[in-house]
Amino acid sequence: MKLVKFKSMFFLFIATLLLLAGCSSSSGKDSDTSTDGKVKLRFATWDVGDDVDLQQKMIDKFNEAHENIEVVLEAYGSDYDTKITAGMGAKDAPDIMYMWNYPQYKDALEPLDSYIEKEGADYKDNFYEALWNYNSADGKILGLPVGYTTHVVYYNKALFDQAGVEYPKAGWTWEDLQDAARKLTNKETKVSGFAFSGKPDPYDFEMFLWGNNASYVDKDGNLKGNLDSKESVEVFEMFQNMEKEGIAITTEGSGSTEMKSGKVAMFVYGAWGLTPLKEAGIDYGVVELPSFKNGKSVSILSSSGVSISENSKHKEEAFEFIKFWSNEEANKERIGFELPVLKSVVESEQLEQDEIKSVFYSMLEKSEGYTPASFIVKDWSRVSDNLNYVFESIFNPSTLMDPKEALKNAAE
Amino acid sequence: MLSKSRKANGYQLVNKKVPYLFILPWIIGFLVFTLGPLIFSLIMSFFDWPITSSPTFVGIENYKTMFTNDPQFYKSLEITLKFAAVFVPLNLVIALILALLITQPLKGIKMFRTIFYLPAVVSGVAISIIWGWIFNSEYGILNYILSLIGIEGPQWLVDPKWAILTIVIASAWGVGTMMLIFYTDIKGIPQELYEAAAIDGAGLFRQFFSITIPCITPTILFNVITSVIAALQQLALVLLLTGGGPLKSTYFYGLYVYNNAFKHHELGYASANAWLMFIVILILTMVIFKSSSTWVFYENEVKRKGKKKK
């Protein structure tokens, strides 16, 4: 009896395995070429909602123009990193992927230098120079730039008018910002002059250190002597003092929620805020980041590009597509929600004259030549985690650690 | 006699192909989506796998690192156990009280049943976002209500001391399923028991502790075990509500494993983490099961004892 049972179980097991093998081999064929002999490319995007609709329309256009290629859009949304990570682990990553965190994914991406060289020097020069650094890792270009944002100060015009404070202008300093914040802060109406994240993303926060001639690490990735240098401690002290003085609040998120509520006069943010703040009915202006006394006004770039998976079987076709995805026409299509990365488009669309968008471009020019620590430090995600904790302990109102000591400990 | 029964059984087994066919989808699902990954992750826990490149065998290195060289491992484990210690009893009590309430023969009780069960149906993501709004210290509704009665609410999601309580409160919201299980069991208690007790002069509390509780101990056991497991695996809420903060005070074990895998891309290490939690849960469950013989009461147990078969 037992034997029969065992046999039937065994049979079942084998049948299941065969079935599985059947599934996987047939699906493997599918992803190579579709039935009509076209090369099928999978393209992963992190965008959601209307942006995806727009992207699908652009892809349809591409597919129509290319008889032999069919691009299929896969919208992963907020789970983007988890999904492409899993895809890479299973050697089944999409052929083309949106990308920003190049150092972390570099081993799974195809270097594009040789492809770009074939397009000629003019092709490469039309992109803003600073963007190439952000779309590379270990000296190899791994993605074509699609969009970017620098960080600027958003200010609420209505609150400035009420308090009778002049709007900030390019070339202002952090002291100017603090003066303005002091005047704008109003305990009765619960208005705060300035807001910054109480647990800032270390990647973003480094720009303030750059502004004061400091950085997290040196060329070789050493935290010691850099993160805890006099200049970087100054930066943290300045932010902490604003909080202690009560002219700034720390926010749980980026600060955009607080800005939307109309109770915050100024905060630092990227181009992501342009549309949402307008929709929230905030009459805002933007201005370059303030500079430090002996320093500069520098921003970090949050950039996005499109990359090709190292495991893709159709890299030539994939490059054809990412070239399309970053050409002039595509840049113009996206202009509603992405700042163009091509000089020719900025010129033809007269963005340099745009009161708001021009600020992001002048910030971009000022921010050339800086390399974020995430591109230098080998296990940045761990370091970033630790830094995040330290920064939070400095800014969290229930701890308010002394920056000098906290950073010294962190550097060790 | 013996051979006959064997034959009969064999015949039955041949005929049993059809039932197997019916449960085949489940068996395939189990093999592919549960057993397969389970074994795979066990193997992976002995590899160093930085996901973007290929895995290399490292033996028990991952487990060694975990115990000797990763302070966050102990911290996360401690936080999670603390959370479970608060969450499980609290959840049981709330579920039991609610279950008692909805067994009362009142007008419109069906509506209350639905209301109490509703949060269990809503997706965890939506719940997390809503709690995020409620607990926001500047603009949240909770602190607004507290301010109306003259209390200055704490900074729920900013103050490390309060954050874990925030998670407990938000988790307790999903008590509906447990309540329903208690409810059906309480409904199943024979009414005669209560009547007899009432005649003997037992009050409501006495009835509750001497009849209701003993009768539902099997359900309590079930709920304790499932909620211990749920508490130790809590992820969605911390992932969405606090992200592990403030100051890693809600950096639960589930989040720790998740981040090791998908943020730091150390899949082998994360697998080792997950297996350790598996063992912890296994031991805890076994302990609870062992202890159950002293406090869980099954109806048929008395009969068995009476017959003295064992």
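The values are calculated or read from the model by the stated rules, or taken from the named source; none is laboratory data. None of the values given here were measured: they were computed from a predicted structure. We place every Cβ from the backbone using ideal geometry, glycine too, and count neighbours over all the protein chains shown.
Brief remarks on what is shown
- The stretch A:89-116 - residue that is of a type in the set (A, V, I, L, M, F, W, C) and in contact (Cβ under 8 Å) with a residue 60 or more places away in the chain and, of those, surrounded by the most Cβ atoms within 10 Å (Cβ to Cβ): A:M97
- Pick from the stretch B:257-267, criterion in a helix (DSSP H, G or I) and within 11 Å of another protein chain (Cβ to nearest Cβ), ranking: farthest from B:I127 (Cα to Cα): B:L267
- Selection status of A:K199, part of a loop (DSSP other than H, G, I, E, B) and either within 23 Å of A:P403 (Cα to Cα) or without any contact (Cβ under 8 Å) to a residue 24 or more places away in the chain (or both): yes
- Every condition in (1) modelled with pLDDT under 90; (2) not assigned by TED's automatic domain parsing to the domain that holds A:T275 is met by A:I356 except one, and the failing one is (1).
- Elements of type helices (runs of 4 or more DSSP H) contained in the stretch A:110-182, each with 1 or more residues being touching a strand residue (DSSP E or B) at 6+ places or on another chain (Cβ under 8 Å): A:113-118, A:129-134, A:157-163
- When residues in the stretch A:83-121 are screened for being modelled with pLDDT of 90 or more and over 30 Å from B:P55 (Cα atoms), 4 of them pass.
- The numbered conditions (1) under 29 Å from A:N409 (Cα atoms); (2) away from every other protein chain (no Cβ under 14 Å) are all true for A:N396 except (2).
- Top-ranked residue in the stretch B:117-133 [being crowded, with 17+ Cβ neighbours inside 10 Å and of a type in the set (A, V, I, L, M, F, W, C); ranked as farthest from A:V264 (Cα to Cα)]: B:I127
- Selected residue (only one of A:N386, A:N331, A:N311 is more than 17 Å from the chain's Cα centre (by Cα), farther than 30 Å from A:V39 by Cα and either of a type outside the set (A, V, I, L, M, F, W, C) or in a loop (DSSP other than H, G, I, E, B) (or both)): A:N386
- Only residues that are out of contact with any helix residue (DSSP H, G or I) (no Cβ under 7 Å at 6 or more places or on another chain) and β-branched (V, I, T) were counted across the stretch B:145-196, and they come to 6.
- Within the stretch B:39-60, tally of residues that are within 14 Å of chain A (Cβ to nearest Cβ), surrounded by fewer than 17 Cβ atoms within 10 Å (Cβ to Cβ) and out of contact with any strand residue (DSSP E or B) (no Cβ under 6 Å at 6 or more places or on another chain): 5
- Selection of the stretch A:239-293 for residues being charged (D, E, K, R) and either farther than 26 Å from A:G147 by Cβ or away from chain B (no Cβ under 14 Å) (or both) yields A:E243, A:K244, A:E245, A:E252, A:K263, A:K278, A:E279, A:D283, A:E288, A:K293.
- Screening A:F321 against (1) within 14 Å of chain B (Cβ to nearest Cβ); (2) under 30 Å from A:H66 (Cα atoms) leaves a single unmet condition, (1).
- Residue list for the stretch A:51-84, restricted to those being within 14 Å of chain B (Cβ to nearest Cβ), buried (at least 16 other Cβ atoms within 10 Å of the Cβ) and part of a helix (DSSP H, G or I): A:Y80, A:D81, A:K83, A:I84
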